[in-house]
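Asker: Dumping the structure here so I can ask a few things about it.
The values are calculated or read from the model by the stated rules, or taken from the named source; none is laboratory data. Since this is a predicted model, take the numbers as computed values, not measurements. Note: ideal-geometry Cβ built from the backbone for every residue, glycine included; neighbour counts use all protein chains shown. We work out accessible area using only protein heavy atoms, side chains counted, and drop any ligands, DNA or RNA first. Shrake-Rupley method; radii C 1.70, N 1.55, O 1.52, S 1.80 Å.
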Amino acid sequence: MSILTFPNLLRKKPSNQGEGHRRSIKVGIPKFLNIWGTAPFWTGFFESLGMKVIFSSDTSEEQYRTYGKGRITMDSCYPVKALAGHMGELLHKDINILFVPMIYSLPSFLKGHVMDTLCCTRVMMAPENIKAGFLKERDEFKERGIKYVSPFVPFAEPELMPKYLYESLKDAVPDLTYKEVLKAVEEGFRALEEFEKSMRSKSLEIMRWCVKNNRPAILVLARPYHMDPGIGHEIDAEFQLYGFPVLWYNYLPVDDWLLNWLGISLDISDVWVSSYSSNTNEIIWGAKFASRFPWITGVIRLSSYECGMDQPTFTPVQKIVESSGTLFFKFGELDETKPAGSVKIRVETIVYYLNRYSEEIIKRKLSRLGQIPKGLLEPPSQSA
């Protein structure tokens, strides 16, 4: 679940509409990498300034071949390479600004419980890497009259963001004021908070359904950009076709009453000491959640080819999940080509094991916990 899969939420306007004459300014944002986890912020931010946001389409081989071929200046994982296709596509759209943020750190529900929430360095530097491919023969941004803006973005230090965003945008939007940017950052974080709250509420709704019907669910442990059909190859959707609800770790509910019942907190220091990487931290925490929640009987781990950040986590995550008897499966080495046949065979095999062992897993995990809390049995009253 991501705001990029709910286009109606992208059209929600914050209260501050910015200067009216800016409605003609169109900001193109590549739908790549960590935009999948921060898109609500950017839509809220630019709508507050009175500008229109245009996202690129989902990643696809056709997009990469058409717009990204020959743009790669250094070898990297496919999710980074795919940015070339997104940027090239947007250069062929009616936009005034191409906005490609270099996200240094991410907003995280684990902030305060971990050392830091940093991004992968390759991901952060992807805009500079791919930008060079559009400048090596000629300046394609200048040719098309598009202003390229790529600010340094430390989400973990929100007090610094107005400065960086203002400095990067002031030349592209000459009448922009720092005060406007300060307000727009507030609107962006408000939009992000509202979206994440709605997604956690939806996850809790799914979990209540599982409890009520005693049905198993699957938890996906992956990076947010694996929600992109061209990166994650819609493997999660394959399981939904067999009737299994699918949850994503980054939108699990974190209510105190639920975590207390499961006997976990937001602290991961007992299983992961080097807690600097945001996605890694949350994946580790998601594994702990899955190992405790009875109706999550299977965990699916997704990882892209050459992902050095993911490599150290495979064994710890598997041990955490399997220590409780929960089933664990991994789809690694994901690249631009979707191996449809092998994915189908693996999904069918996993479904067999889920059908065979889920009832036993639910009973075993329930036996370790106390009485099921009321919050899992029914939604709170409207007056609460």
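Asker: From largest accessible area down, sort ILE345, ILE206; use a 1.4 Å probe on the protein chains.
Answerer: On the way: ILE345 110, ILE206 35 Å².
Solvent-accessible surface, decreasing: ILE345, ILE206.
Asker: Provide the FRET efficiency to the nearest 0.05 for the LEU377-PHE152 pair, computing r from the beta carbons and using R0 = 56 Å.
Answerer: Details: r = 47 Å, r/R0 = 0.83.
Taking R0 as 56 Å, the efficiency between LEU377 and PHE152 is 0.75.
Asker: Given the Cα-Cα distance of ASP116 and LYS363 and 0.36 nm per residue of separation, how much length would full extension add, in nm? Can you show the working numbers first?
Answerer: Values: separation 247, 0.36 × 247 = 88.92 nm, distance 3.68 nm.
Residue separation times 0.36 nm, minus the Cα-Cα distance, leaves 85.2 nm.
Asker: With each pseudo-label sitting 7 Å past Cα toward Cβ, what's the TYR242-ASN355 distance in nm, one decimal?
Answerer: So the two model labels end up 0.8 nm from each other.
Asker: Please give me the summed charge of the neighbours of VAL220: other residues whose Cβ is under 9 Å from its Cβ, Lys and Arg +1, Asp and Glu -1.
Answerer: Values: positive: ARG301; negative: ASP236.
Summing Lys/Arg as +1 and Asp/Glu as -1 gives 0.
Asker: A further question on this structure: Roughly how many Å² of ARG138 are accessible to a 1.4 Å probe, to the nearest 10?
Answerer: Accessible area, nearest 10 Å²: 110 Å².
Asker: Also: State in Å² the accessible area per residue of the range 187-330; use a 1.4 Å probe, count heavy atoms of protein chains only, and round to the nearest integer.
Answerer: I get 36 Å² per residue for the range 187-330.
Asker: Follow-up question, since we're still on this one. How high is the relative contact order of the chain, given as a whole-number percent (alpha carbon pairs under 8 Å, six or more residues apart)?
Answerer: On the way: 642 pairs, mean separation 66.9, N = 384.
It comes to 17 percent, rounded to a whole number.
Asker: Given the range 125-219, what count of lysine pairs have C-alpha atoms under 18 Å apart, with each pair 8 or more places apart or on different chains?
Answerer: Total qualifying Lys-Lys pairs in the range 125-219 comes to 10.
Asker: Let me ask you something else. Determine the share of the chain's accessible area contributed by carbon and sulfur atoms, expressed in whole percent, with a 1.4 angstrom probe. Let's see the in-between values first.
Answerer: On the way: 8680 of 16930 Å².
After summing per-atom areas, the C and S share lands at 51 percent.
Asker: If you don't mind, there's one more thing I want to ask. I'd like the accessible area for MET309: 1.4 Å probe, protein heavy atoms, all chains in place, Å² to the nearest 10.
Answerer: Roughly 60 Å² of MET309 is accessible to a 1.4 Å probe.
Asker: Give me the distance in nm between label points sitting 7 Å out from Cα along the Cα-to-Cβ direction at ASP267 and GLU194, one decimal.
Answerer: Distance between label points: 3.6 nm.
Asker: Please report, in Å, the Rg and the Dmax of the range 197-292, where both are computed over Cα atoms only.
Answerer: That works out to 13.9, 39 Å for Rg and Dmax.
Asker: While we're on this one: Hey, for a label at LYS202 modelled as a point 7 Å past Cα toward Cβ, could you say which residues of the range 27-49 have their backbone N under 16 Å away?
Answerer: From the range 27-49, the list is 36-41.
Asker: In addition: Suppose the chain between LYS330 and LEU259 were pulled fully straight at 0.36 nm per residue; how much longer would it get relative to their current alpha carbon spacing?
Answerer: On the way: separation 71, 0.36 × 71 = 25.56 nm, distance 2.58 nm.
Residue separation times 0.36 nm, minus the Cα-Cα distance, leaves 23.0 nm.
Asker: Highest GNM mean-square fluctuation, the chain, Cα pairs closer than 10 Å: which of GLY68, GLY243, GLY370?
Answerer: GLY370
Asker: Given the Cα-Cα distance of SER57 and ASP75 and 0.36 nm per residue of separation, how much length would full extension add, in nm?
Answerer: Working: separation 18, 0.36 × 18 = 6.48 nm, distance 2.33 nm.
Length gained between SER57 and ASP75: 4.1 nm.
Asker: Something else: Could you check what % of the DSSP bridge pairs in the chain are antiparallel, to the nearest 5? Working shown, then result.
Answerer: Details: 1 of 28 bridges.
Around 5 percent antiparallel, to the nearest 5.
Asker: How high is the relative contact order of the range 207-364, in percent, with contacts defined as C-alpha pairs under 8 Å that are six or more residues apart? Please list the in-between numbers first.
Answerer: Values: 202 pairs, mean separation 44.5, N = 158.
Relative contact order here is 28 percent.
Asker: Sticking with this structure for a sec: What is the distance, in nm, between label points placed 7 Å from the Cα along the Cα-to-Cβ direction at GLU322 and at SER274?
Answerer: 2.2 nm
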